[in-house]
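S.K.: Just dropping this structure here.
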Amino acid sequence: MQSLAQIQSAAGRRISLRRGERLSEIFSERECGFVGLVGKDLIEARCSFSFQNGCSLPGSLGNSRSGSSRVSCMQDDRVSKSELKELAEIVLSEAAGEDSASESAGSSYFSGIESDEVAERTSSVAAKVDARHPLDLRWIGEWADALTERGMLKRRTFYSHDDWLRHRSSTRHYRHFASSFSSRAILSLIPPVGTMTAISLAVAIYNSIVLTGWLPSFIPLLHASSLSYQLTAPALALLLVFRTEASYSRYDEARKTWTKVISSSKDMARQSMAWAQCPADHQRKKLLLDYILAFPVALKCHLLNGSDIAAELREILEEDDLALVLRAEHRPNCLIQLITHSVKSIKFEDGERSALDTNISQFTESISVCERLIRTPIPLAYTRLTSRILVLWHLALPVVLWDDCHWVVVPATFISAASLFCIEEVGVLIEEPFPILALDRMCAKATENIQELAALQVQAQVHLTRKTMKKVVSNGVTR
């Protein structure tokens with residue numbers, strides 16, 4: 001077996017050979033020849049493992065939204081599925097175990113999937129169909145998931161007056177129905193809804209064959225009373241309503257938190273420009289305003305997948321400040337410290353300093369709220385329970401409806417599954433609220449407003465000075 005020579009990142013720097021040797025030993029024990037690892041960069045340990053036997057695993061073993069590595073490896077027919085799963089877990093744990101310095105730039109909670117990569121996965125997923133296993137339909141789920149993730153990367157914009165007119169238009173129902181096949185929420189339902197519809201079709205075919213007498217008489221007809229469904233339907237409805245309401249409350253809390261972030265940024269910029277009038281503090285005030293402008297952008301990049309924080313902050317911060325922020329493991333906290341020390345270095349009255357500190361405290365609280373939302377989903381037991389009940393409900397639905405509907409059970413099951421699974425899917429999508437909010441536009445608008453405040457401050461001072469002088473002159477003439 002070829003032993004590991006090196007592990008090298010795309011940035012050209014090597015990571016720990018000790019870990020590479022460890023992986024090589026693990027693969028050798030399983031008769032897998034480790035060839036190499038190529039990381040996307042030093043920050044994100046995205047990697048691809050190649051083996052000498054030449055067969056590929058179906059798809060990616062992991063594409064974690066929590067910062068873990070994404071691993072693609074090769075499958076040896078001699079290796080059992082349990083061993084293969086264990087190997088994948090070892091690879092993930094070893095790759096994710098790099099020193100924190102290499103991962104410190106990953107202030108975001110995500111691994112940073114780029115938009116073009118998701119688009120490439122979407123377009124090429126159908127090509128991954130294994131000709132040797134034509135009944136392996138897992139590519140359908142991968143295709144639907146890729147579409148959903150591509151939709152999550154789409155940045156939102158603010159609503160204008162024209163958008164509101166279109167939103168409440170009387171023809172919106174036709175427009176929404178016509179765009180069904182481009183909706184990521186609906187397209188992501190193709191696997192579960194298609195499965196439930198196929199099962200109902202199989203039940204209908206089976207019952208039809210039984211009724212024709214082609215099978216022995218002891219073969220039972222699949223039918224049952226609908227009383228159990230009538231009794232459990234309200235419980236399922238309450239379950240879905242609570243699931244969706246819990247997800248919306250997270251979205252609403254994120255929206256209100258970001259409103260406070262933008263409002264505090266503008267208020268703190270206004271206070272700093274109005275109160276820091278000493279000529280010696282001019283440069284410090286400029287730096288303070290830069291840090292205030294940079295904070296919402298840093299918090300946005302901290303939460304959003306695929307954000308390029310270096311490119312966005314380079315337009316706001318000076319090079320030495322940018323380098324300091326990028327070196328920090330937690331960029332928003334670093335900017336809060338810069339803001340705090342800048343306020344401390346400028347001559348403010350005690351009351352003014354207290355008011356500024358209130359806005360800084362609001363920044364800190366907003367970080368905590370956002371991190372709580374992104375770290376803790378709705379209890380997983382509740383999400384799993386909702387999913388299991390929906391599946392069981394629709395598995396038995398064609399059996400219950402057969403006596404009343406016969407072959408109509410197929411479209412009836414399709415409509416029921418599409419409706420109820422769609423409600424559950426919407427709850428899952430809005431459970432992670434930050435990709436749905438127009439954070440890019442919020443940050444851009446806050447920057448525009450603060451820059452406008454700076455320009456208006458000078459104009460307002462000149463205007464009031466002239467107006468005061470005119471009144472003084474007029475009063476002198478009158479006397």
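S.K.: Go through (1) surrounded by fewer than 19 Cβ atoms within 10 Å (Cβ to Cβ); (2) of a type in the set (S, T, N, Q); (3) touching a helix residue (DSSP H, G or I) at 6+ places or on another chain (Cβ under 9 Å) for residue 247 and report which single condition fails.
M.R.: (1)
S.K.: Got a sec? Which of 380, 373 is within 27 Å of residue 253 (Cβ to Cβ) and either in contact with a Ser or Thr (Cβ under 8 Å, 6 or more places away or on another chain) or surrounded by 13 or more Cβ atoms within 10 Å (Cβ to Cβ) (or both)?
M.R.: 373
S.K.: Here is a follow-up. Tell me which residues, restricted to the range 156-175, are in a loop (DSSP other than H, G, I, E, B) and more than 27 Å from the chain's Cα centre (by Cα). Spell out the reasoning first.
M.R.: Filtering the range 156-175 down to residues in a loop (DSSP other than H, G, I, E, B) leaves 156-160, 168-171.
Residues satisfying the conditions are 168, 169, 170, 171.
S.K.: Which condition breaks for residue 307 when tested against (1) touching a residue at least 60 places away in the same chain (Cβ under 8 Å); (2) among the hydroxyl-bearing types (Ser, Thr, Tyr); (3) over 20 Å from residue 446 (Cα atoms)?
M.R.: (3)
S.K.: Let me ask something else about it. In the range 402-417, what count of residues is obtained for those that are at pLDDT 90 or above and in contact with a Ser or Thr (Cβ under 9 Å, 6 or more places away or on another chain)?
M.R.: Count: 8.
S.K.: Take the residues in the range 272-283 that are surrounded by 18 or more Cβ atoms within 10 Å (Cβ to Cβ) and in a helix (DSSP H, G or I), then tell me which one is nearest to the chain's Cα centre (by Cα).
M.R.: Here the answer is 272.
S.K.: Then there is this: Please verify whether residue 423 is out of contact with any Lys or Arg (no Cβ under 7 Å at 6 or more places or on another chain), surrounded by 15 or more Cβ atoms within 10 Å (Cβ to Cβ) and not assigned by TED's automatic domain parsing to the domain that holds residue 262, treating the condition exactly as stated.
M.R.: So residue 423 passes the test.
S.K.: Another question about this same structure. Of the residues that sit in the range 432-453 and are acidic (Asp, Glu) and under 21 Å from residue 317 (Cβ atoms), which one is surrounded by the most Cβ atoms within 10 Å (Cβ to Cβ)?
M.R.: 440
S.K.: Could you give every pair whose Cβ atoms fall below 7 Å, whose first residue belongs to the range 224-239 and is of a type outside the set (D, E, K, R), and whose second residue is surrounded by 10 or more Cβ atoms within 10 Å (Cβ to Cβ), counting only separations of at least 6 or pairs across chains?
M.R.: 224/399; 224/400; 226/400; 229/400; 236/389; 236/393; 239/386; 239/389
S.K.: Do we have any residue at all in the range 296-318 that's assigned to a helix (DSSP H, G or I), in contact with an Asp or Glu (Cβ under 6 Å, 6 or more places away or on another chain) and modelled with pLDDT of 90 or more?
M.R.: Yes; the residues of the range 296-318 include at least one that is assigned to a helix (DSSP H, G or I), in contact with an Asp or Glu (Cβ under 6 Å, 6 or more places away or on another chain) and modelled with pLDDT of 90 or more.
The values are calculated or read from the model by the stated rules, or taken from the named source; none is laboratory data. Please read these numbers as outputs of a predicted model, since none were measured by experiment. No Cβ is skipped: glycine too gets one built from the backbone with ideal geometry, and neighbour counts run over all protein chains shown.
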